[in-house]
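Have a look at the structure below before the remarks.
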Amino acid sequence: MSERAALHGLLRHSHHARPEDLPALARRMATELGATSMRIHVVDHEQRELLPMDDEAADRGSLAVDGTLAGRAYAMMRPYAADGGPGPARLWVPLLDGLERLGVVEVLSAEPIPADRVSEFEAACALLSELVVTRSSYSDTVELVRRRAPMRMAAEMLRAQLPPLTFSTGSMTISGILEPSYDVGGDAFDYAVNGDIAHLALFDAVGHGSHGGMRAVMLASLALAAYRNARRSGRDLVATYHHIDTVVRDHDRRGLITGVLAELDQRNGRLRVISAGHPSGLVLRRGRVAIVLPTPTALPVTLGEHRAPVVVEEDLEPGDDVLFHTDGITEARSADGAAFGVDRLVDYAVRALADDLPLPETARRLVHAILAYQDHQLVDDATVLLVRWHGPARQPLT
C-alpha cells in the first residue's frame with residue numbers, strides 16, 4: 001500500500017479511536033507500510049524513561065533516555081536504525097508534535113528499512129503524535145502511562161496550566177522545563193506567538209512548601225491568568241506588568257512574585273524585557289555570555305504600585321540563545337553546601353549548546369545537571385526558559 005493510502009487509512013480509523021486504540025492503529029499502519037509492527041513509547045514527566053503504551057512492548061519494561069538508541073532518537077529528534085544483530089530490524093523514530101517531544105516509535109521490520117523510505121515512517125509517526133495529543137485532551141490514559149510517581153495536588157494544579165514545553169516558528173524556538181515534576185512550588189512559565197511577536201513570561205511565587213506549595217501555586221496561577229488576560233487584551237509590556245500586579249495584589253496583598261516579562265520581535269531580533277525582582281537573563285552568543293540583562297528593572301509583583309517598571313531593550317543576532325531561569329537553578333546546593341551559581345550555569349549551558357543539541361534537549365540536560373548537583377533533592381523549583389532566535393521571520397505560508 002502507498003504511503004498516502006496508509007495515512008488516509010489511519011485518519012479514517014482515528015475518528016472514533018480512544019487512546020487505548022492507538023497501539024493497534026500503529027500496528028495496522030506498520031503492516032500497510034510493509035513493516036512488521038510499530039510500538040509507541042511515551043516519555044515520562046522527568047524525561048528520563050520511554051514508557052510503552054501497549055502490552056506487546058511492556059514485557060521489556062521502560063527504556064532509558066540516556067544511553068539507548070531509542071533515547072538518542074528522542075534526544076536528537078531524528079530517526080536512528082539499530083545496527084544488525086539477531087531478530088527483526090529496528091528503526092527508532094521520534095514522536096514529535098511540531099518540536100514538542102512526546103516519545104519515540106519503535107518500527108520493526110523483517111529487513112532494514114531503506115534510507116529513502118524512512119520519511120514514510122516519519123510521516124506516519126507525525127500523525128500518531130497528533131492523535132496522542134488530541135486524545136490526551138479527552139482521556140487520562142496517556143497521562144497515566146507517563147507518570148512514574150504520585151502527583152502532588154499543587155503539581156497537578158499547576159502543570160495543567162503550562163503550555164507545551166517546546167514550540168518553533170522556524171525563525172525562533174522556545175523551550176521550557178520545570179522540576180521537580182511531581183511536587184512543584186510556585187514556578188511557572190508561559191508563552192504565546194502572535195504574528196511576529198513572541199510573548200514570554202517566567203514567574204516564581206514565594207511560598208514553596210507552605211501548605212504543600214498550594215499558596216505559591218495559587219499565586220502563580222493568578223499571575224498566569226492575569227498575564228494571558230493582559231496579552232489577549234492587547235496590553236503592552238508595561239501595562240501587562242501593572243495588570244498582573246493589580247490582580248495578584250487584590251487577591252493576596254502579602255503575596256510576592258518575582259518574574260520576567262519579555263517580547264521578541266521575530267522580524268529583527270528586538271528583545272524587550274521587564275525583570276520584576278527576578279534573576280538576570282543571559283544572552284549566549286558563539287559560546288560565551290554576550291549580554292547580562294539588567295535586573296531588577298521593576299519591583300516584584302504586589303509591590304508594583306510603588307515604582308514604575310523599566311523596559312530593557314537588546315538587539316539579538318541570528319543564532320543567539322536567551323536563557324531565563326528561576327533562583328532554584330543558581331541556589332541549588334551540593335552536599336557540602338556549595339551553590340550551583342551563575343558561573344556553573346553558564347558553563348553547563350555553553351557546553352550543551354556547543355554540542356549542537358536541539359534546544360529542548362539542552363534545557364533537559366541543563367535541569368538534570370542541577371538535579372544531579374543537588375543529589376536530586378531540590379529545596380526549590382528549578383525552571384528554565386530558553387529562546388533561540390534563528391534569524392529574520394520567514395515569509396508566511398501561502
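The values are calculated or read from the model by the stated rules, or taken from the named source; none is laboratory data. These numbers were taken from a predicted model, which means no experiment stands behind them. Positions of Cβ are generated from backbone atoms using ideal geometry, with glycine treated the same way; all protein chains shown enter the neighbour counts. Note: accessible area is taken over every heavy atom of the protein model, side chains too, but ligands, DNA and RNA are not part of it. Shrake-Rupley method; radii C 1.70, N 1.55, O 1.52, S 1.80 Å.
Below is a table of values for the structure above.
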quantity	calculated
Distance (nanometres) between label positions extended 7 Å along Cα→Cβ at residue 36 and residue 354	4.3
Solvent-accessible surface ranking, highest first, for 8, 16, 243 at 1.4 angstrom	16, 8, 243
Per residue accessible area of segment 237-301, 1.4 Å probe, in Å²	39
For the chain, calculated [θ]222 nm from helices alone, where every DSSP H run of n ≥ 4 adds -39500 (n - 2.57)	-10000 deg cm²/dmol
Long-range amide H partners of residue 97 with built H, under 5 Å	102
Fully extended contour minus Cα-Cα distance, from residue 138 to residue 82, at 0.36 nm per residue	16.7 nm
Table column - 3J(HN,Hα) (Hz), segment 145-162, Karplus curve with 6.51, -1.76, 1.60, x for Gly and Pro	5, 6, 7, 10, 7, x, 8, 5, 4, 4, 5, 4, 5, 6, 5, 5, 9, 7
Sites residue 239 and residue 286 - FRET efficiency at Förster radius 45 Å, r taken between beta-carbons, to 0.05	0.80
Long-range amide H partners of residue 65 with built H, under 5 Å	49, 50
Extension gain, residue 149 back to residue 13 (0.36 nm per residue minus Cα-Cα distance, nm)	45.6 nm
Relative contact order for the chain, counting Cα pairs under 8 Å that sit 6 or more residues apart, in percent	13
Trypsin sites (Lys or Arg not before Pro) restricted to segment 6-110 and DSSP loop, no more than 11 other C-beta within 10 Å	60
Helix axis angle, 118-136 relative to the chain longest principal axis, alpha carbon, degrees	60
